[in-house]
1. Name the single residue that is surrounded by the most Cβ atoms within 10 Å (Cβ to Cβ) among those in the stretch 31-50 being among the charged types (D, E, K, R) and over 13 Å from the mean Cα position of the chain (by Cα).
2. If you check VAL49, VAL74, which single one turns out to be within 17 Å of ASN117 (Cβ to Cβ) and at pLDDT 95 or above?
3. Is there any pair linking a residue in the stretch 74-89 that is open to solvent by less than 50 Å² (accessible area, probe 1.4 Å) to one that is hydroxyl-bearing (Ser, Thr, Tyr) and in a loop (DSSP other than H, G, I, E, B), with Cβ under 9 Å and at least six apart or on different chains, and which?
4. Cβ-Cβ under 9 Å, sequence separation 6+ or interchain: first residue in the stretch 52-73 and at positive phi, partner surrounded by fewer than 17 Cβ atoms within 10 Å (Cβ to Cβ) and in a strand (DSSP E or B). Which pairs?
5. If we keep just the residues of the stretch 105-119 that are over 14 Å from the mean Cα position of the chain (by Cα) and of a type in the set (A, V, I, L, M), which is most open to solvent (accessible area, probe 1.4 Å)?
6. Got at least one residue in the stretch 85-103 being of a type outside the set (S, T, N, Q), modelled with pLDDT under 95 and touching a Phe, Trp or Tyr at 6+ places or on another chain (Cβ under 8 Å)?
7. Looking at ALA28, ALA14, ALA102, ALA98, which is the one that is open to solvent by 50 Å² or more (accessible area, probe 1.4 Å), more than 17 Å from HIS138 (Cα to Cα) and not in a loop (DSSP other than H, G, I, E, B)?
8. Are any residues in the stretch 122-137 assigned to a loop (DSSP other than H, G, I, E, B) and either at pLDDT below 95 or of a type outside the set (S, T, N, Q) (or both), and if so, which ones?
Amino acid sequence: MLCAALVSAFWVVAAYVPSGSMEPGLPAGSLVLGWRGAYRQAQPQCGDVILFEHPGLTNGMLVKRVIALPGQCVEIRAGRVYLDGLPLDEPYLKEPPAGDLAPLTLPEGCYFVLGDNRAASKDSRFWEDPFVRREEIHARVVLRLFPFAAQPQL
């Protein structure tokens, strides 16, 4: 029992995905495994699917994809994401997104996150505080446990 608690506290975390905001890769009801050690020596990168908490949103963990890093400028025009003026290739999207976001430069230590199913995701675009701080990030999602997929779209 102690061993399981230590592994959970320092190495892995399991989390439930309650909504369809990360479909198709993580359908509603998925159970995912996050690797806490992923960011001990490295920083989150664009495209990483992360588990994090964000004050005022929920008492549990959230799962979203990192879209922009500290110092980058993110903008959304007609649903298309631009990083530092260049269009972002997003093969993981469920369907073509819509909407706009004025250019936003990320402060040091902050990340911008979006769901893969943009039509059903409450993410950085809508939060009063759109930035996920480094200390709020708990793990990088590495495996979909249920429903099992040998090659989930992460």
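The values are calculated or read from the model by the stated rules, or taken from the named source; none is laboratory data. Fair warning: this is a prediction, and the values are worked out from it, not measured in the lab. Cβ: placed from backbone, ideal geometry, glycine included. Neighbour counts: every protein chain shown. Areas reflect the complete protein model, heavy atoms only, side chains present, ligands, DNA and RNA absent. Shrake-Rupley method; radii C 1.70, N 1.55, O 1.52, S 1.80 Å.
1. The initial filter retains those residues of the stretch 31-50 that are among the charged types (D, E, K, R), namely 36, 40, 48.
Then drop every residue that is not over 13 Å from the mean Cα position of the chain (by Cα), which leaves 36, 40.
Numbers: ARG36: 18, ARG40: 8.
Among them, the one singled out is ARG36.
2. Numbers: VAL74 fails: within 17 Å of ASN117 (Cβ to Cβ).
Exactly one residue qualifies, and that residue is VAL49.
3. Every condition considered, the pairs that remain are VAL74/SER124.
4. Matching pairs, first to second residue: GLY71/THR105.
5. Quick first cut of the stretch 105-119, residues over 14 Å from the mean Cα position of the chain (by Cα) only: 105-109, 119.
Narrowing the set further to residues that are of a type in the set (A, V, I, L, M) leaves 106, 119.
Working: LEU106: 6, ALA119: 88 Å².
The qualifying residue most open to solvent (accessible area, probe 1.4 Å) is ALA119.
6. no
7. Details: ALA28 fails: not in a loop (DSSP other than H, G, I, E, B); ALA14 fails: more than 17 Å from HIS138 (Cα to Cα); ALA98 fails: not in a loop (DSSP other than H, G, I, E, B).
Step by step, each of ALA28, ALA14, ALA102, ALA98 is checked, and only ALA102 is open to solvent by 50 Å² or more (accessible area, probe 1.4 Å), more than 17 Å from HIS138 (Cα to Cα) and not in a loop (DSSP other than H, G, I, E, B).
8. Initially, the stretch 122-137 is screened for residues assigned to a loop (DSSP other than H, G, I, E, B), giving 122-131.
Once the filter is applied, which keeps residues that are assigned to a loop (DSSP other than H, G, I, E, B) and either at pLDDT below 95 or of a type outside the set (S, T, N, Q) (or both), the stretch 122-137 yields LYS122, ASP123, ARG125, PHE126, TRP127, GLU128, ASP129, PRO130, PHE131.
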